[in-house]
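K.L.:
Pasting a structure below so you can have a look.
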Amino acid sequence: MSIQASTAPPAVELRGIWKRFPGVIANHDVNLVVGRGTIHAIVGENGSGKSTLMNTLYGMHRPDEGTITVDGTIRTFKSPTEAIAVGIGMVHQHFMLADNLTVLENIILGAEPTQGWRLDQDAARATIAELGETYGITIDVDQLTEELGVGERQRVEILKVLYRGAKILILDEPTAVLVPQEVEELFGNLRRLVDDGVTIIFIDHKLDEVLQISDDITVIRAGTTVATVKPADVDRRILGELMVGSELPTPDTESSTVTAQLELVVKNCSAVSAGRTILDDVSLSIHRGEILGVAGIEGNGQLELVEAILGLQAISGGVIELGGVDLTSLSVRERRHAGIGYIPFDRQRDGLLLAAPLWENMVLGYDDTDRYISGPWVSVQKARSVTDAAIERFGVKTPGNSVPAFALSGGNQQKLIFAREMVAEPKLLIAAHPTRGVDIGAQAAIWDELREARKAGLAVLLISADLDELIGLSDSLLVMFRGKITAALDPAEATPEQLGMFMTGEGQEVK
Ligand SMILES: Nc1ncnc2c1ncn2[C@@H]1O[C@H](COP(=O)(O)OP(=O)(O)OP(=O)(O)O)[C@@H](O)[C@H]1O
Ligand SMILES: [Mg+2]
């Protein structure tokens, strides 16, 4: 047996993979070997071809050239169904669960167990319970998916893949949406899976995490694999240089630009939904030139706070003012016109028209502003030229302004939304995870843009799961827990660990 073990083929071997899209070579001559029962990280800049490569391995794309070998056998997959059949499962960068189904229904969707003619839900329940127990992945299967936070959604996606018998698990940026505690939990689950012989391939922009959990790290640059290294042999700087060939930035606030002029004032706001208090007497203010960071585990009222400011969530009491003007009776559109920019929590659902060209996405929400209007209509020419300038200024990687938004890589979609909101020169920018899924170089560029705009008087409400970003960029910091502001901290002194304590409701209030 030992001879067999030592000659066991790798779980995955990709040789000379090429994949072209109109105007783009997404992958060229990619070579990748992933050992069985290992955790293999894939890192690289936005648009470098990571998702494309994984989608190809998962049977969503056919490679133009090259071979895919799984457990020693060459495979050509016509669809994910065929990849699943040989034990490959994938959790995508953007989750794909149906909101209106329960967790159980989502997990078994497309792989329903039957007993004769009847759907055998009991069998499914038993299997899921067993999987959950083995790998420590806990979830209430009768909950409606709509009600789940991102961390829970991810658990459902992973269970769904395991339920189909996956032995090779591909995770595309699994930690991008998680707070540190959830990342630790995920990594614990991944270790248990690997101990059980499962092979894991995951994409991640956070190099500390990559160094912490992987057995091997492959760097992709401009569509091709440039190196595979062991975490012990490299550090953040070396990895960063392999990816982009430049130094790593840090999110320093630099000197304060906070003015005495109030931009946003939220006073004693409360909101109730389905009999539950979702905002509990929330008060905060942001001055011109100030970045206010709000920390919290998703589901503790941050989204509701943002929606209350935007007019998407009715408040049962309290006042919201922008530049001294009461917003309470204004519509969403009127509030946006009053100068509120918004980078939404979910870029694909709320930030983009995926099938529409980039120039249309640029205009989205701003179609009646002078910037785009010519006579009575939106001028396509104006829209295209503003889009081209934004693509250039914000480094959006694309062959042109007429490609549909879905053809951009995840990080480049994020950059486009950031560009759209900044180009509109808001007074208040509500930025939910502004650098989620963007690579280290682009992250630095976004931080620079925010700092520059702040110098010019922009007020920013920053929500981020990246605690280093939150601490580094913010002039002041609040923590939300169960719909309430539970702590106010000085970012100059706060640590991620301390923030983490407050976020889970364990910390003492510091004022
Ligand atoms: N369906 C598609 N149609 C056209 N072009 C595409 C499509 N999918 C990806 N591309 C292009 O292929 C290139 C690689 O994209 P990919 O999504 O693989 O990048 P990535 O490394 O995953 O980036 P990110 O870190 O931003 O998610 C990009 O230039 C992208 O615009
Ligand atoms: Mg991607």
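K.L.:
Considering Arg454, Arg384, which residue is away from ligand 2 (no atom under 16 Å from the Cβ), buried (at least 17 other Cβ atoms within 10 Å of the Cβ), over 28 Å from Gly296 (Cα atoms) and among the charged types (D, E, K, R)?
P.N.:
Selected residue: Arg384, the only one of Arg454, Arg384 that is away from ligand 2 (no atom under 16 Å from the Cβ), buried (at least 17 other Cβ atoms within 10 Å of the Cβ), over 28 Å from Gly296 (Cα atoms) and among the charged types (D, E, K, R).
K.L.:
Of all residues being within 16 Å of ligand 2 (Cβ to nearest atom) and either outside any helix (DSSP H, G or I) or not assigned by TED's automatic domain parsing to the domain that holds Asp204 (or both) in segment 149-179, which is farthest from Phe481 (Cα to Cα)? Just the residue, please.
P.N.:
Among those residues, the one meeting the criterion is Ile170.
K.L.:
If you take the residues of segment 194-243 that are hydrophobic (A, V, I, L, M, F, W, C) and in a loop (DSSP other than H, G, I, E, B), which of them is nearest to Val43 (Cα to Cα)?
P.N.:
The residue in question is Ala222.
K.L.:
Something else now. Pick from Asn55, Asn46: which is within 16 Å of ligand 1 (Cβ to nearest atom), assigned to a loop (DSSP other than H, G, I, E, B) and of a type outside the set (Ser, Thr, Tyr)?
P.N.:
Going through Asn55, Asn46 in turn, just one is within 16 Å of ligand 1 (Cβ to nearest atom), assigned to a loop (DSSP other than H, G, I, E, B) and of a type outside the set (Ser, Thr, Tyr): Asn46.
K.L.:
Somewhere in segment 92-107, is a residue within 16 Å of ligand 1 (Cβ to nearest atom) and farther than 29 Å from Thr435 by Cβ?
P.N.:
The answer is no, given that none of the residues of segment 92-107 is within 16 Å of ligand 1 (Cβ to nearest atom) and farther than 29 Å from Thr435 by Cβ.
K.L.:
Residue by residue through segment 257-287, note down the ones that are in contact with a Leu (Cβ under 7 Å, 6 or more places away or on another chain) and either in contact (Cβ under 8 Å) with a residue 24 or more places away in the chain or buried (at least 19 other Cβ atoms within 10 Å of the Cβ) (or both).
P.N.:
If the condition is that a residue be in contact with a Leu (Cβ under 7 Å, 6 or more places away or on another chain) and either in contact (Cβ under 8 Å) with a residue 24 or more places away in the chain or buried (at least 19 other Cβ atoms within 10 Å of the Cβ) (or both), then Glu263, Leu264, Val266, Cys269, Ser270, Ala271, Leu279, Val282, Leu284, Ile286, His287 are the ones that fit.
K.L.:
Same structure again: Which pairs turn up if I take residues in segment 400-411 that are over 19 Å from Ser48 (Cβ atoms) and look for partners that are within 14 Å of ligand 2 (Cβ to nearest atom) and not in a helix (DSSP H, G or I) with beta carbon separation below 8 Å, at least 6 apart in sequence or on another chain?
P.N.:
none
K.L.:
Hey, can you tell me all the residues within segment 329-352 that are of a type outside the set (Lys, Arg), surrounded by 14 or more Cβ atoms within 10 Å (Cβ to Cβ) and within 26 Å of the chain's Cα centre (by Cα)?
P.N.:
Result: Val332, Gly339, Ile340, Gly341, Tyr342, Ile343, Pro344, Phe345, Asp346, Gln348, Gly351, Leu352.
K.L.:
Can you list the helices (runs of 4 or more DSSP H) found entirely within segment 296-382 that contain at least 3 residues being closer than 30 Å to Pro399 by Cα and assigned by TED's automatic domain parsing to the domain that holds Val396?
P.N.:
358-363
K.L.:
Search segment 180-208 for residues being charged (D, E, K, R) and within 16 Å of ligand 2 (Cβ to nearest atom), and hand back the single one that is surrounded by the fewest Cβ atoms within 10 Å (Cβ to Cβ).
P.N.:
Lys206
Table: residues versus (1) under 25 Å from Gln413 (Cβ atoms); (2) touching an Asp or Glu at 6+ places or on another chain (Cβ under 8 Å); (3) modelled with pLDDT of 95 or more.
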| residue | (1), (2), (3) |
| --- | --- |
| Ser2 | no, no, no |
| Ala5 | no, no, no |
| Arg20 | yes, yes, yes |
| Asn27 | yes, no, yes |
| Asn31 | no, no, yes |
| Ala41 | yes, yes, yes |
| Asn46 | yes, yes, no |
| Leu53 | yes, no, yes |
| Tyr58 | yes, no, yes |
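K.L.:
What number of residues within segment 30-67 satisfy the criterion of being away from ligand 2 (no atom under 14 Å from the Cβ) and farther than 13 Å from Ile201 by Cα?
P.N.:
Of the residues in that region, 9 qualify.
K.L.:
Out of Asp140, Asp99, which single residue is surrounded by fewer than 17 Cβ atoms within 10 Å (Cβ to Cβ), closer than 23 Å to Arg192 by Cα and under 24 Å from the mean Cα position of the chain (by Cα)?
P.N.:
Criteria check complete, one pass: Asp140.
K.L.:
Just need a number here: residues in segment 405-420 that are more than 8 Å from ligand 1 (Cβ to nearest atom) and in contact with a Pro (Cβ under 9 Å, 6 or more places away or on another chain).
P.N.:
3
K.L.:
Separate question: Where residues in segment 118-137 are polar (S, T, N, Q) and farther than 12 Å from Leu193 by Cβ, which of them is farthest from the chain's Cα centre (by Cα)?
P.N.:
Gln121
K.L.:
Here's another thing I want to ask about it. Taking segment 215-239 on its own, how many of its residues are farther than 22 Å from Ala26 by Cβ and either in contact (Cβ under 8 Å) with a residue 40 or more places away in the chain or of a type in the set (S, T, N, Q) (or both)?
P.N.:
Selection size over segment 215-239: 2.
K.L.:
Take the residues in segment 71-84 that are part of a helix (DSSP H, G or I) and out of contact with any Phe, Trp or Tyr (no Cβ under 9 Å at 6 or more places or on another chain); name whichever of them is surrounded by the most Cβ atoms within 10 Å (Cβ to Cβ).
P.N.:
Glu82
K.L.:
Just give me the residues in segment 413-438 being under 17 Å from Ser51 (Cα atoms) and surrounded by fewer than 24 Cβ atoms within 10 Å (Cβ to Cβ), in sequence order.
P.N.:
Hit for segment 413-438 is Arg436, nothing else.
K.L.:
Pick out the one residue from Val177, Val161, Val150 that is crowded, with 17+ Cβ neighbours inside 10 Å, within 16 Å of ligand 1 (Cβ to nearest atom) and within 21 Å of Asp99 (Cβ to Cβ).
P.N.:
Val177
The values are calculated or read from the model by the stated rules, or taken from the named source; none is laboratory data. It should be emphasised that the depicted structure is a prediction, and the values quoted were computed from it without experimental measurement. All Cβ positions, even for glycine, are placed from backbone atoms using ideal geometry, and neighbour counts span all protein chains on display.
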